[in-house]
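Chemist: Take a look at the following structure, please.
The values are calculated or read from the model by the stated rules, or taken from the named source; none is laboratory data. What you are looking at is a predicted structure, and each value in this text was computed from that prediction instead of being measured. Cβ atoms come from the backbone with ideal geometry, glycine included; neighbour counts cover every protein chain shown.
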Amino acid sequence: MLTEGLSIPPVDGPFGVYVHVPFCSVRCGYCDFNTYTTDELGEGATRAAYADTAIAEIELAASTLGAHGELPEVETVFVGGGTPTQLPSGDLVGMLRALEETFGLANDVEVTTEANPDSVTPASLAELRDGGFTRISFGVQSVVPHVLATLDRTHDPGRVPEAVRWAREAGFDQISVDLIYGTPGESIDDWRASLDHAIGLGPDHVSAYALIVEPGTALARRVARGEISAPDDDSMADKYLMADDALTSAGFGWYELSNWARDDAARCRHNLLYWHSADWWGVGPGAHSHIGGVRWWNVKHPAAYAQRLAAGESPMHDHEVLDPSASVMERVMLEARLREGLPLGILEDGRAAVPALTDRGLVEVKGDHLVLTRDGRLLADAVVRDLTG
């Protein structure tokens, strides 16, 4: 079972699984994810042993949720990192097979892996596709060399079209490209070049994220020392609008603040599961899980994670149970970001803020939903504060 004293309710509705792979060849200066290069890890946390360790947690998840009776079928799987494709494709397929054998996979299951363009080959992509992966998300970030250098990204932009072509040839149903805008030193022309290149790859989905200078990262230390400037808010807004214009003109539609898809079928169903506060189990060091208002998270270091599972113990570090008020606040924070907007019925005191937000042109009421306008998307965090304040 997961842990003494923590009661996990049965899954009620869509169920997904996130698998965290914490390995990277180089730690990017902007990244504050729970990732490690090989020389940062101790015994018991090797890449060679990782799949078996993750499978041990998958079996733990099945025994925990199986206490309620029939196990939920897995509708989405997302393998993230880190760089999952630092592991052999056979290991990634092996973890997926473990999910199939324990929980069962839905007939239309969406199975995504993240990948760097320089961490795949035609053979590895073919093995992933043949093994059941349906979707791949390439971390491109930029195609401009000096921008990639500031981010400590090591891939060759020239490799990106090859990687996308190989994924198409392997038969992936959906291909996504991730971009980052707002890197210090990135000009408007730099960002336009990255957008044009991404669109030219012919992906089904594009994510464009504003760079956040996270405390404790190498990038934050460089900004603090004055080596590079912090991202400029006005420039970030201009680049977001440029992305929305370019992607819309190319036939993509926004469905979440930072995500655009060719059509509804190309939307990332796994991420939609998060944004709708559905249920998922997070496998891996530092991974978070949520089922029925109960949230828990694993120990962060891969060695500690592996040691606990090897000893037959739960890797859970801590947990929280969301009360009704906290659950409503989370729904507002997450669902306000979506194209469909936020059901007005869940707003409590925040309903009083709606007229002023409407007058400012930040939201509009469509039927029984509150939807961000384009201007509101630029100020989404402020809108949420007003609705939850």
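Chemist: Filter the range 277-290 for residues that are at pLDDT 95 or above and in contact with an Asp or Glu (Cβ under 8 Å, 6 or more places away or on another chain) and give the result.
Modeler: Hits for the range 277-290 are 279, 283, 284, 290.
Chemist: Test residue 332 against the stated conditions and say whether it is touching a helix residue (DSSP H, G or I) at 6+ places or on another chain (Cβ under 7 Å) and either assigned to a helix (DSSP H, G or I) or in the same structural domain as residue 63 (by TED's automatic domain parsing) (or both).
Modeler: Taking the combined requirement at face value, the residue satisfies it.
Chemist: Could you tell me whether any residue of the range 279-293 is assigned to a helix (DSSP H, G or I) and in contact with a helix residue (DSSP H, G or I) (Cβ under 9 Å, 6 or more places away or on another chain)? Before the answer, list the steps.
Modeler: From the range 279-293, those assigned to a helix (DSSP H, G or I) are none; that's our starting set.
Taking every residue of the range 279-293 in turn, none turns out to be assigned to a helix (DSSP H, G or I) and in contact with a helix residue (DSSP H, G or I) (Cβ under 9 Å, 6 or more places away or on another chain).
Chemist: Are any residues in the range 110-151 outside any helix (DSSP H, G or I), over 20 Å from the mean Cα position of the chain (by Cα) and within 26 Å of residue 181 (Cβ to Cβ), and if so, which ones? If you could, list the steps in order and put the result at the bottom.
Modeler: Initial filter on the range 110-151 (outside any helix (DSSP H, G or I)): 110-116, 120-121, 131-144, 151.
With over 20 Å from the mean Cα position of the chain (by Cα) added as a condition, the list becomes 121, 131, 143-144.
Within the range 110-151, 143, 144 meet the criteria.
Chemist: Turning to a different aspect of this structure: Would you mind stating whether residue 258 is within 23 Å of residue 333 (Cβ to Cβ) and modelled with pLDDT of 95 or more?
Modeler: Numbers: within 23 Å of residue 333 (Cβ to Cβ): yes; modelled with pLDDT of 95 or more: yes.
Yes; evaluated as a whole, the condition is true for this residue.
Chemist: If you don't mind, there's one more thing I want to ask. Please go through the range 176-214 and give me each residue that is farther than 15 Å from residue 231 by Cβ and part of a strand (DSSP E or B), ordered by number.
Modeler: From the range 176-214, those farther than 15 Å from residue 231 by Cβ are 176-178, 189, 192-207; that's our starting set.
Listed by number, the residues that qualify are 176, 177, 178, 205, 206, 207.
Chemist: Okay, moving on. Taking the range 187-231 as the search range and keeping residues that are polar (S, T, N, Q) and more than 30 Å from residue 169 (Cα to Cα), which one is surrounded by the most Cβ atoms within 10 Å (Cβ to Cβ)? Break it down into steps so the answer makes sense when it comes.
Modeler: Within the range 187-231, the subset polar (S, T, N, Q) is 187, 194, 207, 217, 229.
Next, only the ones that are more than 30 Å from residue 169 (Cα to Cα) stay: 187, 217, 229.
Numbers: 187: 13, 217: 18, 229: 10.
For the range 187-231, the residue satisfying everything is 217.
Residues are listed down the side, and each one gets a yes or a no for (1) over 19 Å from residue 271 (Cβ atoms); (2) surrounded by 21 or more Cβ atoms within 10 Å (Cβ to Cβ); (3) at pLDDT below 95:
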{"site": "45", "(1), (2), (3)": "yes, yes, yes"}
{"site": "48", "(1), (2), (3)": "yes, no, yes"}
{"site": "70", "(1), (2), (3)": "yes, no, yes"}
{"site": "90", "(1), (2), (3)": "yes, no, no"}
{"site": "126", "(1), (2), (3)": "yes, no, no"}
{"site": "137", "(1), (2), (3)": "no, yes, no"}
